[in-house]
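The values are calculated or read from the model by the stated rules, or taken from the named source; none is laboratory data. Predicted model, so just to flag it, every value in this text is computed and none were measured. All Cβ positions, even for glycine, are placed from backbone atoms using ideal geometry, and neighbour counts span all protein chains on display. Keep in mind that these areas ignore ligands, DNA and RNA; they rest on the heavy atoms of the full protein, side chains included. Shrake-Rupley method; radii C 1.70, N 1.55, O 1.52, S 1.80 Å.
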Amino acid sequence: LTFGYRNVWVSDISNDGAKILAMTSYTRLTKRPTTLNDLLLIDVATLKADTLVKGDGFINSAKFSPDGTAIAISGSPEALDGIGKNVKEGQTPSMYDYQLYIMTLADKKVKAMTKDFNPNVGSYEWSAYDGNIYFNAEDKDCKNLFTAGV
């Protein structure tokens, strides 16, 4: 699965063990961002790979929903064609201000979950117990725990 010249890592494994979210990275030095990522959905039984996100230098990680029908994606406001941007026209948002996005796997539609949320999203987990996403967020010198209802 990881043979080749690109960096490859597993971002998550579905609860039933049937699917893997893998990310690859590669560089281009001609424009910003210089490192690009692809997000792949791999069927473990067939090894068929479906590219969910291609050439996005602003995504960071991805995790399956408990039922495997959606994924949470962490990335900067410019991720996924900039749907998380909330700065004035002409301004460039911080590449380290991570936000959360939800992609439904059936239609690959993406929703920006924290577009109007000010603190920087840190680590996150999608709870099988209640279906919410729990995450910590950095706000100046404080780190607090939040939940996002999906």
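Some values worked out for this structure:
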read-out	value
Single condition A62 does not satisfy, out of (1) of a type in the set (G, A, S); (2) exposed (fewer than 12 other Cβ atoms within 10 Å of the Cβ); (3) closer than 24 Å to A18 by Cβ	(2)
In region 108-131, the residues that are under 18 Å from A62 (Cβ atoms), among the aromatic types (F, W, Y) and outside any strand (DSSP E or B)	none
Strands (runs of 3 or more DSSP E) lying entirely in region 1-86 (those with 2 or more residues that are closer than 21 Å to A106 by Cα, among the hydrophobic types (A, V, I, L, M, F, W, C) and in contact with a Lys or Arg (Cβ under 8 Å, 6 or more places away or on another chain))	35-43, 70-75
Sole exception among (1) within 23 Å of I13 (Cβ to Cβ); (2) touching a residue at least 12 places away in the same chain (Cβ under 8 Å); (3) out of contact with any Gly (no Cβ under 8 Å at 6 or more places or on another chain); (4) open to solvent by less than 80 Å² (accessible area, probe 1.4 Å) for N120, by number	(1)
Test: residue in region 78-97 that is among the aromatic types (F, W, Y) and either within 21 Å of L41 (Cβ to Cβ) or surrounded by 12 or more Cβ atoms within 10 Å (Cβ to Cβ) (or both)	no
